[in-house]
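Report on one structure; see the data block that follows.
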Amino acid sequence: MTKIKCIAIDDEPLALQQIAAYINKLPFLELIAECSSAFTAFEVLEKQDIDLMFVDINMPDLNGLEFVKSLTQKPLLIFTTAYSEYALEGFKVDALDYLLKPFSFAEFSKAASKARSQFELVQNAQNPSEKLESNDDFLFIKSEYKLVRINLNDILYIEGMKEYVRIHLLSQKPIMTLLSMKALEEKLPEEKFMRIHRSYIVNLEKVSTVERFRIVYDDKTRLPVSDNYKEKFQEFLDKNFMG
């Protein structure tokens, strides 16, 4: 398991000690440094590749917001502060989460898990082959820490859901995996599968009803073909149309 390299930044010694203790409790996090000021953090970032920062906002000399805005390359970011009025400003600089002091380990763990999902998403986008193996007939997908074999003929359609995809199957419940739609689209055979929308890839062999550029599976499931993909989908229809 690749660990997420972290630094904790807080000018209050007890708060810094607590964050460090929480980081050390989570096996997917690795504490690289405890920084009592933004200036100390600058020194660490110059020497080390850091994946995630826990940053206090209200610090003397250079506060957490100013520190983050000054960075040209930003690691993943979670703000920690005793002042709720900073929440909106925190999200304006792309913070993943905002922990209001005093926070529990459960709250910290939830925020860290959000960072883990984002970290894995980036890693998978850069190295999609580590997430998915395929041939002409089936895929191996990582789901819930297991490798799951999926026969291509069993796929009805694939739905993109922000950081995850949901693979809808004919004879079993959908399978969720942390994978980008782009990486999955590149692995699937293009003669069998087509992207019809930012959020949907369909198995062309399972398309039986099309109504006004919507693929109809049942009364509850109608997938739209977006404007960006209509021309390509129309070519598929024309090729297989008998009028």
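Data for the structure
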{"read-out": "Within the stretch 70-84, considering residues that are closer than 17 Å to N58 by Cβ and surrounded by 12 or more Cβ atoms within 10 Å (Cβ to Cβ), the one modelled with the lowest pLDDT", "value": "A82"}
{"read-out": "Answer residue from the stretch 10-28, given it is touching a Leu at 6+ places or on another chain (Cβ under 8 Å) and crowded, with 21+ Cβ neighbours inside 10 Å and is nearest to A115 (Cα to Cα) among those", "value": "I23"}
{"read-out": "Odd one out for E159, checked against (1) modelled with pLDDT of 90 or more; (2) of a type in the set (D, E, K, R); (3) part of a helix (DSSP H, G or I)", "value": "(3)"}
{"read-out": "Residue in the stretch 192-199 that is within 16 Å of the chain's Cα centre (by Cα) and either modelled with pLDDT under 85 or under 29 Å from K239 (Cα atoms) (or both) present", "value": "yes"}
{"read-out": "Hits in the stretch 145-174 (condition: hydrophobic (A, V, I, L, M, F, W, C), over 18 Å from V207 (Cα atoms) and surrounded by fewer than 17 Cβ atoms within 10 Å (Cβ to Cβ))", "value": "L147, V148, M161"}
{"read-out": "Residue check for E66: part of a helix (DSSP H, G or I) and among the acidic types (D, E)", "value": "yes"}
{"read-out": "Matching residues in the stretch 227-237 - criterion: being under 29 Å from D137 (Cβ atoms) and within 27 Å of the chain's Cα centre (by Cα)", "value": "Y229"}
{"read-out": "Residue satisfying all of: in the stretch 201-213; more than 28 Å from the chain's Cα centre (by Cα) and of a type outside the set (A, V, I, L, M, F, W, C); nearest to E159 (Cα to Cα) among these", "value": "K206"}
{"read-out": "Qualifying residue in the stretch 42-52 (condition: at pLDDT below 90 and crowded, with 18+ Cβ neighbours inside 10 Å)", "value": "no"}
{"read-out": "Residues of the stretch 187-214 classified as surrounded by fewer than 13 Cβ atoms within 10 Å (Cβ to Cβ) and over 19 Å from V225 (Cα atoms), total", "value": "1"}
{"read-out": "Flag for F54 being assigned to a strand (DSSP E or B) and not assigned by TED's automatic domain parsing to the domain that holds K146", "value": "yes"}
{"read-out": "Selected residue [of a type in the set (A, V, I, L, M, F, W, C) and under 27 Å from L121 (Cβ atoms)] from V207, V225, V216", "value": "V225"}
{"read-out": "Condition broken by K25, with the remaining ones in (1) of a type in the set (K, R); (2) modelled with pLDDT of 95 or more; (3) touching a strand residue (DSSP E or B) at 6+ places or on another chain (Cβ under 9 Å) satisfied", "value": "(3)"}
{"read-out": "Residues of the stretch 29-40 satisfying the condition of being modelled with pLDDT under 95 and crowded, with 18+ Cβ neighbours inside 10 Å", "value": "A38"}
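Each row is one residue, and each column tells you yes or no for (1) modelled with pLDDT of 80 or more; (2) assigned by TED's automatic domain parsing to the domain that holds I32; (3) of a type in the set (D, E, K, R); (4) part of a helix (DSSP H, G or I).
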| residue | (1), (2), (3), (4) |
| --- | --- |
| L62 | yes, yes, no, no |
| Y86 | no, yes, no, yes |
| F103 | yes, yes, no, no |
| F108 | yes, yes, no, yes |
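One line per residue, one yes/no per condition, for (1) more than 21 Å from Y217 (Cα to Cα); (2) of a type in the set (K, R):
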{"residue": "D154", "(1), (2)": "no, no"}
{"residue": "E163", "(1), (2)": "yes, no"}
{"residue": "I167", "(1), (2)": "no, no"}
{"residue": "L170", "(1), (2)": "no, no"}
{"residue": "K173", "(1), (2)": "no, yes"}
{"residue": "S180", "(1), (2)": "yes, no"}
{"residue": "A183", "(1), (2)": "yes, no"}
{"residue": "E186", "(1), (2)": "yes, no"}
{"residue": "F193", "(1), (2)": "no, no"}
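The values are calculated or read from the model by the stated rules, or taken from the named source; none is laboratory data. Keep in mind it's a predicted model, so treat the numbers as computed, not measured. Counting neighbours? That spans all protein chains shown, and the Cβs are built from the backbone with ideal geometry, glycine included.
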